[in-house]
Every structure is written in C-alpha cells, then in structure tokens.
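The structure appears below as structure tokens.
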Amino acid sequence: MKLALLLLIAYLLGAIPNGVWIGKRFFHTDIRKAGSGNIGTTNTFRVLGPVAGSAVLVLDLAKGTVATLLPVWFLHVSPHSPMLLLFGLMAILGHTVSIFDHFKGGKAVATSAGMLLAYNPLLFVIAATCFVSLIYLTSMVSLASMISFTIITILCFVIQDWYLSVLAVCLTIFVFWRHRTNIVRIKNGTESMVSFGLGNKRRQRQQQKQD
C-alpha cells in the first residue's frame with residue numbers, strides 16, 4: 001500500500017504542468033495557445049520570457065528529481081537501486097500524460113534529466129554539458145535534446161547499467177517521436193532557433209546573402 005501511494009505521488013508530482021500554471025497565474029497567458037503550444041521550458045521561454053522559462057526548467061527538473069528520490073526517503077532503499085527508475089518513470093508519465101492537463105503534457109526532456117540527476121549525477125552532468133554545447137553549436141533545442149538523449153543512451157550501455165539502458169532507449173525513442181514535427185522542420189531548414197549560438201549566426205548569414 002505504501003509503495004502504491006508513493007508511486008501515485010510520483011505521478012502527481014510529474015503531472016504538475018508548471019508552464020501552464022505559471023503562465024496563467026503570473027502572465028494571464030495559456031502557453032498551450034501560443035508559440036508551439038508545448039508546456040515545457042522552450043515554449044515558455046519563447047512566449048513568457050527568460051524568467052518564466054528558467055522557473056519552468058528548474059521546477060520540471062525538480063519534480064523529476066524529487067519523485068525519483070521518494071523511495072530513498074520513505075522506503076529506505078539504496079540511492080543506486082533500480083527502483084528509483086520506476087519512480088522517475090512515473091514522474092515522466094505524469095509529465096507527458098498529466099491528469100491536470102486533460103491527460104496531455106510535454107516532451108519529458110527536463111523531467112527525464114531530473115530523474116537522471118537523482119539516479120546518476122555524473123551522467124546528468126555529462127548530459128547537461130552535451131545539451132548546452134549542442135545548443136551553442138546548433139541553436140536548436142530540439143536537435144540538442146535528441147542528440148543528448150542518444151549520447152546518454154550509448155553511455156548507459158558503456159557503463160553496463162542495464163536497467164537504465166532499457167529505460168534510456170525507450171525514452172530516446174519517445175523523445176524522437178515527440179519531436180517528429182521538429183525533425184521535419186530541421187530537414188527543411190525552418191526549425192525555430194534560439195537567439196544565440198553558431199547555428200543562429202549561420203542562418204542569419206544565409207538570409208543576408210539571399211537579401
């Protein structure tokens with residue numbers, strides 16, 4: 001009974017739609033009806049600005065981390081136990097199929113990173129480094145997310161953490177699927193870019209040549 005209750009709490013934590021609630025409460029804006037319509041960090045940055053975007057990033061990371069650590073705090077399991085991944089998965093499920101958002105949700109990038117922070121901090125640091133570096137190189141959050149997930153999945157197999165490897169494969173497939181429209185735009189050269197980085201500079205030079 002205690003395990004089931006904690007799993008439910010992990011789901012409910014993950015289901016908190018931070019982007020939606022922050023947008024409505026502080027900006028009187030429903031980000032589901034603006035920008036890309038996504039409730040995550042990128043669209044929040046685009047629609048509501050860096051303060052709101054940073055808040056959503058931290059909160060989405062935190063809910064993944066807190067949910068993953070629930071069995072450590074309340075069931076006294078090892079912080080390296082595969083059980084943590086089950087709780088992290090429940091948070092990710094909550095984020096993507098939220099009871100507070102008509103069973104819709106985000107792309108699970110930040111919440112997955114929060115789970116990784118709790119389960120394997122070193123891999124989280126590597127993932128964060130890859131993600132930030134790729135954003136600078138490409139100026140595309142979507143592409144940085146997909147490549148980062150792929151790199152971490154490969155590393156999971158290298159370190160032979162088979163439970164995490166299986167979950168990483170599933171999450172990578174899911175992230176690619178949720179970014180399927182982004183992939184089309186990347187191929188067409190029309191994907192949205194952040195306002196910094198080499199990719200953005202390259203696109204600006206191309207546009208100047210065309211003009």
Checklist line | C-alpha long axis of helix 2-15 to longest principal axis of the chain, angle in ° | finding: 10 degrees
Next item on the list: Quick one: order 130, 170, 156 by neighbouring beta-carbon count within 10 Å, fewest to most.
Entry: 170, 130, 156
Margin query: Set the bar at 22 Å for Cα to Cα. Now go through 33/187; 33/63; 33/104; 24/107; 24/201 and name every pair that lies beyond it.
Written below: 33/187; 33/63; 24/201
Check: Taking all pairs of different Cα atoms in region 59-117, averaging 1/r and flipping that mean, what Kirkwood radius in angstroms comes out?
Finding: 11.2 Å
Note to self: From the helices alone, meaning DSSP H stretches of at least four residues, give me the mean residue ellipticity at 222 nm for the chain, per-run term -39500 (n - 2.57), in deg cm²/dmol to the nearest 500.
What the structure shows: -24000 deg cm²/dmol
Notebook entry, point to check: Under a GNM of the chain (C-alpha, springs under 10 Å), which listed residue has the highest mean-square fluctuation: 158, 169, 77?
Noted result: 158
Next item on the list: In nm, give the distance between the simple-model label positions of residue 78 and residue 128, each being 7 Å from the Cα along the Cα-to-Cβ direction.
Entry: 2.6 nm
Next item on the list: Quote the Stokes-Einstein diffusion coefficient, in whole µm² s⁻¹, for region 1-82, based on the Kirkwood radius over alpha carbon pairs, a temperature of 37 °C and a viscosity of 0.692 mPa s.
Entry: 238 µm²/s
Next item on the list: Among 198, 116, 89, determine the one that fluctuates most according to a GNM of the chain built with springs between C-alpha atoms less than 10 Å apart.
Entry: 198
Margin query: What is the angle, in °, between the Cα long axis of helix 198-210 and the longest principal axis of the Cα atoms in the chain? Nearest 10 is fine, range 0 to 90.
Written below: 20 degrees
Note to self: Which of 90, 115, 193 ends up with the largest GNM mean-square fluctuation for the chain, with Cα atoms connected below 10 Å?
What the structure shows: 193
Check: What list of whole percents do you get for P(r) of region 2-210, with Cα-Cα distances grouped in 10 Å bins up to the one holding the largest distance?
Finding: 9, 34, 36, 17, 4, 1, 0
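Read-outs throughout are calculated quantities, based only on the coordinates presented, and are distinct from any laboratory measurement. These figures come from a predicted structure and were not determined experimentally. Here the Cβ is made from the backbone with ideal geometry for all residues, glycine too, and neighbour counts use every protein chain on show.
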